Amino acid sequence: MALHNLFDENKRPAFDKELTQIADYTAHHVIKSELAFTTARYCLMDALGCGILALRYPACTKLLGPIIPGSTVPVGARVPGTDFMLDPILAAFNIGAMIRWLDFNDTWLAAEWGHPSDNLGAILAVADYISRKKIAEGKPPLLIKDVLQAMIKAHEIQGILALENGFNRLGFDHVILVKIASTALATYLLGGSSEQITQALSQAWLDGACLRTYRHAPNTGSRKSWAAGDATSRATRLAWLTLQGEMGYPSALSAKKWGFNDSVLQGNALSIPKAYDAYVMENVLFKISFPAEFHAQTAVECAVILHPHIKDKLDQIEKIVLTTQESAIRIISKSGPLHNPADRDHCLQYMVAVALLQGNLTADDYENEFAQNKNIDALREKMEVVEDKQFSADYLDPNKRSIANALQIYFKDGSKTEKVIVEYPIGHKRRREEGIPLLYKKFVENITPHYGNEVTQKMLTLFHTPDVLDNMPVNEFMDLFAKKKN
C-alpha cells in the first residue's frame with residue numbers, strides 16, 4: 001500500500017497580485033483628476049476641523065500625547081491643536097483618533113463602510129516627520145500637494161476594496177481597510193519602493209481583522225472613536241518595520257488554510273471590481289449638517305424638516321414611522337438604554353428623536369447631561385423602523401449611492417404629517433454645489449473657539465487659495481495648525 005507524504009510544499013510563490021496591484025498604484029500611478037484634488041482639499045480642511053472640534057471633549061484629549069508624560073522627540077510630527085510633537089507612529093494614533101472621534105469626517109458607503117480621511121492619521125504624521133527630517137538634512141520638505149496625492153490614493157485603496165468586500169457581514173470592522181491603505185501610503189511617504197510597499201501590505205493583511213463588537217449593541221463604546229487612529233498607528237509601525245528590513249509574506253492572502261482568504265474570508269478571495277485611480281475621492285461623502293453616523297444623516301434631515309410641525313404636539317403623537325435602508329437597520333437601529341455618547345451616536349432612533357425635539361443635532365447632544373431629557377426616550381419608544389427595499393437597492397446602485405430615509409408622524413386624533421423623504425444627504429456628490437459653502441461654514445465653526453478669529457481667517461484664506469496651499473511645506477502647514485488662541 002502506497003504511503004502519502006505528510007508534509008507541506010515549501011516553495012515560495014510570487015506575491016499575491018492584489019498586493020502588487022495596490023503597491024504599483026501607490027508608487028507609480030499619476031493622479032490627473034482635478035476634481036479629485038479639489039475634493040481632497042475640502043477633505044483635508046474638513047478632517048482637521050473635525051479633529052479640532054474633538055479637542056473640546058475630555059474623553060478624547062485624555063488619550064492624546066506621549067505614552068510617558070513629558071517625553072519629547074528631537075524630530076517628530078505635530079498633533080494639530082496641541083503642543084505635542086511625537087514620533088510618527090504615536091502621532092498617527094493621536095491625529096487619527098482626533099479626526100474620527102465625533103463621527104463627523106467623510107464617509108464611504110458600499111458593501112463595506114468606512115471613513116477614508118481616517119488615513120490622514122498616518123499621512124499627516126509621516127509627511128510632517130519626513131518634512132522636518134529633510135529640512136534637518138538640508139533637503140526640501142514634502143509639500144501639501146504630496147499630502148493631497150497621498151489622500152487620493154488612500155481614499156481609493158480603502159474605497160475600492162470596500163465596494164464588494166463586506167467585512168461587516170463576517171463580524172469584522174472596517175478599520176482593516178484603513179490599516180491597508182495607510183500601510184501603503186506610509187511606506188511610500190517614508191521612501192519605500194513598490195517592492196517594499198508590497199512587503200508591508202502583506203504584514204498588514206497578516207494582522208487579520210478586529211471585531212466590530214465595540215460598534216454594536218450591547219457593547220457600543222468609545223473604542224469605535226479611536227479604532228481608526230489605532231489602525232493608522234499600526235500601519236505606520238508596519239511601514240517602519242519593513243523599511244528596517246523586515247521581510248514580506250508573498251501569499252499572505254492566498255495561502256491555503258493559513259492565509260487571509262481562508263482564515264478571514266471563509267475561503268473567498270478579495271474582490272477588486274474597479275481599477276485604482278481617483279473614483280473614491282471624486283465621489284466621497286461629507287458629513288456637513290450633523291455629527292451622526294452616515295446612514296442616519298438623511299433621517300435627521302427629515303426630522304429637522306418635521307420639527308416645526310410637531311414641536312408643540314409631542315403629547316399627541318401616536319407613532320413615528322421611520323423608513324430606511326437595510327444597512328441602517330443592521331448598524332444603528334436599537335432599543336433599550338443607551339450607556340454613553342458612543343452608544344447614542346450609533347442609535348438611529350436617538351438621533352431622530354433629538355432632531356425632532358430641537359430641530360438640530362450637535363456633538364453636545366450625545367453627552368450624558370443632555371441625554372437625561374425624558375422626551376428623547378419617550379419619542380424613541382413610539383418609533384417603528386421599517387425597510388424600504390428600493391432604498392436598499394439604491395444604496396448599492398453605483399450610479400446612485402443614495403442613503404435614503406423617510407419619516408412620517410401619526411397623531412392620536414388620526415391625523416398625520418406628510419411623509420418626508422430625503423434620498424441624498426447634503427454631503428453627497430449630487431448635492432456638492434449646495435454643500436461646499438456649508439462645509440466651509442462647518443470648518444469655521446469647528447475651529448474658531450480653539451484658534452480665535454485671526455488664525456481661523458488665515459486658515460480659511462489658505463483653503464480658498466489652492467496654489468498657495470498646494471505648495472506649502474507640510475511642516476509649516478502643521479505648525480500653523482499647532483498654534484492655539486492666546
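We did not get these values from a lab; they are worked out from the coordinates using the rules stated. From a predicted model like this one, the values you see are computed outputs, not experimental measurements. Here the Cβ positions follow ideal geometry from the backbone for every residue, glycine too, while neighbour counts run over all protein chains shown.
When volume of the Cα convex hull per residue in Å³ is calculated for this entry, the matching label among (i) 172; (ii) 226; (iii) 138 is (i).
Computed 3J(HN,Hα) for the range 30-36, one whole-Hz value per residue from the Karplus formula 6.51 cos²θ - 1.76 cosθ + 1.60 where θ = phi - 60°, is 9, 7, 10, 6, 5, 4, 5, glycine and proline marked x.
Just report the Cα centroid separation between the range 198-233 and the range 161-179, whole Å. With the range 198-233 and the range 161-179 each reduced to a Cα centre, they are spaced 10 Å. As a length-normalised measure over Cα pairs under 8 Å and 6 or more apart, the relative contact order of the chain settles at 19 percent.
When peptides 180-190, 106-116 are sorted by average Cβ neighbour count within 10 Å, with the highest value leading, the order is 180-190, 106-116. Among the trypsin sites (Lys or Arg not before Pro) in the range 220-305, those located in a DSSP loop and surrounded by at most 12 other Cβ atoms within 10 Å of their own Cβ are Lys256, Lys257. From helices alone, the chain scores -15000 deg cm²/dmol at 222 nm; the rule is -39500 (n - 2.57) for each run of n ≥ 4 DSSP H residues, then divide by the residue total.
A cut-off of 5 Å between modelled amide H atoms, ignoring neighbours fewer than 5 places along the same chain, links Leu285 with Thr107.
Shown in residue order for the range 216-221 are the 3J(HN,Hα) couplings computed by the Karplus curve 6.51 cos²θ - 1.76 cosθ + 1.60 at θ = phi - 60°: 10, 4, x, 10, 4, x Hz (x for Gly and Pro).
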